[in-house]
Amino acid sequence: NAGVMQNPRHLVRRRGQEARLRCSPMKGHSHVYWYRQLPEEGLKFMVYLQKENIIDESGMPKERFSAEFPKEGPSILRIQQVVRGDSAAYFCASSPELTDTQYFGPGTRLTVL
Amino acid sequence: KNEVEQSPQNLTAQEGEFITINCSYSVGISALHWLQQHPGGGIVSLFMLSSGKKKHGRLIATINIQEKHSSLHITASHPRDSAVYICALGRGGADGLTFGKGTHLIIQP
C-alpha cells in the first residue's frame, strides 16, 4: 500500500503565476487535509476535504487559494497569482476516518521568485 | 496564549541519554499526536493518544488528560533520532490538527 503521494516535490513559480499542488491519499482514505509550513514557522491547517466536498476551509486565505478533491483523481491545492509570501512547504495528509491517525505526504516545496 | 506549548524548544544531548519532550495544551481535545519531522522535511506520525501511555520501540508517549499534558520519551537515544518533534492537537471535529512549534532535538555521537 503506497503512502500519501504529493507532486511535484519542488515547484518554482514567478510572481503572478499559478501553482497547482497534487495529493493522492493512501488507498482507502477518503479524508484529506492540507497544511502549510512557512519558513521558520510551525505547521498550520489550511483545509479539510472529503470526496467532492470541502468540509472545513477555515485555515485557507480568503483570496487566491482553492482546493478540491474530485470523485476521481487526486486532491488539488491551487494558488492563483502567487506572491513571494506563498513560498512554503505544503503538506497533505490523509486518514481513513475523521478521528484516525493522519498519514503525511512528503510535501511540496513551493518557491516563488 | 498559544493553545499548545512545547518544551524545550531546542535540546542537544549525547548518544544514549534518556530524552523527554513536553507538551502542554489549554483546550479540549479528542486526541494528541506526536509527529517527527526529519531534516529533509518529511513528517512521520509517531503516536496518537487519547489516554494513558503508548510504546513503540524506544519511543514512549504519555498523556494526562486532567492536567492537559503529554510527554514524549526516547530511551537510549541515537544520532538518527535527531529531528524536530511536534505535538499536535486533534479536536475530533471537522478541523485539522493544531500544531506546537516543535522541539529541535540533536543527538551527538
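No lab work stands behind these numbers, since they all come straight from the coordinates. Predicted, not measured: the structure shown is a model, and the values here were computed from it. Cβ atoms come from the backbone with ideal geometry, glycine included; neighbour counts cover every protein chain shown.
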Debye log10 I(q)/I(0) at q = 0.11, 0.12, 0.17 Å⁻¹ for the protein assembly as shown, Cα point scatterers = -0.55, -0.65, -1.22
inquiry  = I need the fraction of alpha carbon pairs in segment A:48-113 separated by more than 21 Å, rounded to a whole percent.
reply    = 28
ask   = So how much slack lies between B:SER26 and B:GLU5, counting 0.36 nm per residue of separation and subtracting their Cα-Cα distance, in nm?
value = 6.7 nm
Where a label projected 7 Å from the Cα of B:SER82 along Cα→Cβ would reach, residues of segment B:38-57 with amide N under 15 Å = B:38-41
remark   = Diffing segment B:64-77: the Karplus 3J(HN,Hα) column from phi (6.51, -1.76, 1.60, θ = phi - 60°), in whole Hz with x for Gly and Pro, holds 10, 5, 5, 8, 6, 8, 9, 10, 10, 10, 10, 8, 6, 4
remark   = Of A:PHE91, A:PHE69, A:PHE45, the most mobile residue in a GNM of chain A (C-alpha springs, cutoff 10 Å) is A:PHE45
key: Charge dipole magnitude, Cβ of K and R +1, D and E -1 - segment A:1-107, Cα centre, debye nearest 20   = 520
message = From the gyration tensor of the Cα coordinates in chain A, what semi-axes in whole Å does the equivalent ellipsoid have, largest first, with each one equal to sqrt(5λ)?
response = 22, 14, 13
inquiry  = For B:HIS56, B:HIS104, A:HIS31, which order do you get if you count the other beta carbons within 10 Å of each Cβ and list the fewest first?
reply    = B:HIS56, B:HIS104, A:HIS31
query = If you bin the C-alpha pair distances of chain B every 10 Å from 0, what whole percents do you get?
reply = 15, 50, 29, 5, 0
inquiry  = Looking only at chain A, where both bridge partners belong to it, what percent of the DSSP beta bridges are antiparallel (to the nearest 5)?
reply    = 90
